[in-house]
Each structure stands twice: as C-alpha cells, then as structure tokens.
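S.K.: Structure below; questions to follow.
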Amino acid sequence: QVQLVESGGGLVQAGGPLRLSCKFSGKIFDINALGWFRQAPGKQRELVATIRSDGITNYADSVKGRAIISRDHVRNMVNLQMNSLKPEDTAGYYCAAAIYNSDSYDYWGQGTQVTVSK
C-alpha cells in the first residue's frame, strides 16, 4: 500500500557528504513514521534514523551528529543527509515506512548502495 524508492547512493570518499533520498507513494496518509536503515553484508540491519509524523527524530549513536533526516511533504520524500562519512558507513541503505497503529516498519524500498572509500 506504500511504495518507496531510494536514490542517491554511490561511491564516496571518507570525510565527504552524502544525501540519500526516498520517494514514497501510495496511501500516504497512512504513514506514521519514516526511517532509514542500513545493512552491510553478513551483518544485521540497523536503524540509522527515523522521523515521526509529529516531527520527532531519532538517530543511531553511530551517526548522531553526522546525519539529519527530514521529510519533504511537497515531494513526498524522506531524505538523509550525512557528512563526515566513514568506511564503516558502507552498507546498503533502505528507507521504510510505518503506518499508524503499527509498531514496525512494514514497507521497504529496494535499497541503494553506499560505499565509502578511505
């Protein structure tokens, strides 16, 4: 019922910035929260940042101070701006949506790869 498509990934240099975007569509008004997650090969998926419908944000300790999540209500997008990229930031990045009355993220994009070189 909600579709999400990520963009903006690629090869970046350590220390540099990166902006990821996620376009969502479908039953927009059902969305309570949007989030960015990442998963490196052989590792568990981890939360990067989330933003709720009331504007409250949450960040993983690993990116706190280096990342900003924002929602563009005009374009129906959720963005993740990161700076001071580190090699350990290398992962597939996924955006996801949680609907009202749900305690989990049930809708996911296909992901976009971010590779950070030293």
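The values are calculated or read from the model by the stated rules, or taken from the named source; none is laboratory data. A quick note: this is a predicted structure, and the numbers were derived from the prediction, not measured. Note: ideal-geometry Cβ built from the backbone for every residue, glycine included; neighbour counts use all protein chains shown. Protein only, heavy atoms only, side chains kept; ligands, DNA and RNA dropped before computing areas. Shrake-Rupley method; radii C 1.70, N 1.55, O 1.52, S 1.80 Å.
S.K.: Looking only at the range 67-86, filter to residues that are under 25 Å from residue 13 (Cβ atoms) and in a loop (DSSP other than H, G, I, E, B); which one of those is most open to solvent (accessible area, probe 1.4 Å)?
M.R.: 86
S.K.: Filter the range 92-111 down to residues that are of a type in the set (A, V, I, L, M, F, W, C) and open to solvent by less than 60 Å² (accessible area, probe 1.4 Å) and give me whichever is nearest to the chain's Cα centre (by Cα). Walk me through it before giving the result.
M.R.: Residues of the range 92-111 of a type in the set (A, V, I, L, M, F, W, C): 95-99, 108.
Next, only the ones that are open to solvent by less than 60 Å² (accessible area, probe 1.4 Å) stay: 95-99.
Numbers: 95: 4, 96: 7, 97: 10, 98: 13, 99: 16 Å.
Checking each candidate, the answer is 95.
S.K.: Now, a different point. When you check residue 31 against the structure, is it at pLDDT 95 or above and either of a type in the set (Asp, Glu) or within 14 Å of the chain's Cα centre (by Cα) (or both), yes or no? Don't jump to the end; show me each part of the working.
M.R.: Working: at pLDDT 95 or above: yes; either of a type in the set (Asp, Glu) or within 14 Å of the chain's Cα centre (by Cα) (or both): no.
Answer is no for this residue.
S.K.: Just to be sure before I move on: is residue 64 part of a strand (DSSP E or B), modelled with pLDDT of 95 or more, charged (D, E, K, R) and open to solvent by 90 Å² or more (accessible area, probe 1.4 Å) in the structure I sent?
M.R.: In short, no.
S.K.: Next question, about the same structure. Could you pull out the residue among 51, 69, 56 that is of a type outside the set (Ser, Thr, Tyr) and closer than 16 Å to residue 18 by Cβ?
M.R.: Numbers: 51 fails: closer than 16 Å to residue 18 by Cβ; 56 fails: closer than 16 Å to residue 18 by Cβ.
It is 69.
S.K.: Consider only pairs whose beta carbons are under 8 Å apart and that are at least six residues apart or on different chains; among these, list those whose first residue lies in the range 1-18 and is over 19 Å from residue 37 (Cβ atoms) and free of Cβ contacts under 8 Å to residues at least 24 places away in the same chain and whose second residue is surrounded by fewer than 17 Cβ atoms within 10 Å (Cβ to Cβ) and among the hydrophobic types (A, V, I, L, M, F, W, C).
M.R.: Partner pairs satisfying both residue conditions: none exist.
S.K.: Do we have residue 89 as open to solvent by less than 20 Å² (accessible area, probe 1.4 Å) and either touching a residue at least 24 places away in the same chain (Cβ under 8 Å) or over 20 Å from residue 14 (Cβ atoms) (or both) here?
M.R.: Values: open to solvent by less than 20 Å² (accessible area, probe 1.4 Å): yes; either touching a residue at least 24 places away in the same chain (Cβ under 8 Å) or over 20 Å from residue 14 (Cβ atoms) (or both): yes.
Taking the combined requirement at face value, the residue satisfies it.
S.K.: When the residues of the range 1-16 are filtered to those that are open to solvent by 90 Å² or more (accessible area, probe 1.4 Å) and either at pLDDT below 95 or touching a Leu at 6+ places or on another chain (Cβ under 9 Å) (or both), which remaining residue is farthest from residue 102 (Cα to Cα)?
M.R.: Among those residues, the one meeting the criterion is 13.
S.K.: Please specify each residue of the range 17-57 satisfying the condition of being loosely packed, with under 12 Cβ neighbours inside 10 Å and touching a Lys or Arg at 6+ places or on another chain (Cβ under 9 Å).
M.R.: Of everything in the range 17-57, just one residue is loosely packed, with under 12 Cβ neighbours inside 10 Å and touching a Lys or Arg at 6+ places or on another chain (Cβ under 9 Å), namely 55.
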